[in-house]
């Protein structure tokens, strides 16, 4: 594709998805996933890598690193970024659908609609597919933000990690796919956080519910649970936890007594 050709909606969505799914250190032209997307949309790996860095430069956390690419951000890049933060669920579904259609297209971009059509049908199958897309996007984005490690224990085995919602899934539809509403936690801490037995205070330190106290705790209980109290939450590379979401968790989910 000639240099300077404007990016289409479906290309932008696929590049945004790749940005969200990829740890920052892998946003370069040698990354096999960037090479694959470049082939699908008939652009160079350099162009795709730069587009992902454009999205990175819009993240306040990444701006602190003086990410290159800010001067190259287009109006379309900014608009997509804004749409994501207005309704993360809708944009996540669009991004996943866009990438799926690129992968399954047999005739190249010419056979792919400019704007992915979102599943709006009332059937149970439609709802299940949409939910899976949102969950997949959220998990990949949150875990990538934390370098595929637990934000408390440092455990780096993806199979034992969950993308924990701060504001629960059923409380706010628009934040279901918002990575600022997520933390990468191992399965034990995820369950404790989800059940309100653990929360994160204003200083981003762990607070435990009195329900976890025990006069004579087993060694595992002491080492894995009690000893984590007061520990600082690891800062992600992007999409820092939203203070308002954490405040909601402390007020409405945490069992303080």
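The values are calculated or read from the model by the stated rules, or taken from the named source; none is laboratory data. If you're wondering where the values come from, they're calculated on a predicted model, not measured in any experiment. Virtual Cβ from ideal backbone geometry, glycine too; neighbours counted across all protein chains shown.
Results for (1) surrounded by fewer than 20 Cβ atoms within 10 Å (Cβ to Cβ); (2) modelled with pLDDT of 95 or more; (3) not assigned by TED's automatic domain parsing to the domain that holds residue 185, shown as yes or no for each residue.
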residue: 64; (1), (2), (3): yes, no, yes
residue: 67; (1), (2), (3): yes, no, yes
residue: 71; (1), (2), (3): yes, no, yes
residue: 85; (1), (2), (3): yes, no, yes
residue: 151; (1), (2), (3): no, yes, no
residue: 170; (1), (2), (3): yes, no, no
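Which of (1) over 15 Å from the mean Cα position of the chain (by Cα); (2) modelled with pLDDT of 95 or more; (3) surrounded by 18 or more Cβ atoms within 10 Å (Cβ to Cβ) is the odd one out, the single condition residue 27 does not satisfy?
(2)
Looking at 197, 226, 204, 212, can you tell me which residue is exposed (fewer than 14 other Cβ atoms within 10 Å of the Cβ), touching a strand residue (DSSP E or B) at 6+ places or on another chain (Cβ under 8 Å) and not assigned by TED's automatic domain parsing to the domain that holds residue 87?
Answer to the check: 226.
Can you name every residue in region 229-246 that is surrounded by fewer than 14 Cβ atoms within 10 Å (Cβ to Cβ) and closer than 18 Å to residue 175 by Cα?
Result: 243, 244.
Do we find that residue 165 is at pLDDT 95 or above, over 19 Å from the mean Cα position of the chain (by Cα) and closer than 29 Å to residue 83 by Cα in this structure?
The answer is no for residue 165.
Of all residues in region 176-192, which are touching a helix residue (DSSP H, G or I) at 6+ places or on another chain (Cβ under 8 Å) and either in a helix (DSSP H, G or I) or free of Cβ contacts under 8 Å to residues at least 60 places away in the same chain (or both)?
Passing the criteria: 179, 180, 181, 182, 183, 184, 185, 186, 187, 188, 189, 192.
Considering only region 189-211, I want to know if a residue exists there that is modelled with pLDDT under 95 and within 24 Å of residue 141 (Cα to Cα).
No, because not a single residue in region 189-211 is modelled with pLDDT under 95 and within 24 Å of residue 141 (Cα to Cα).
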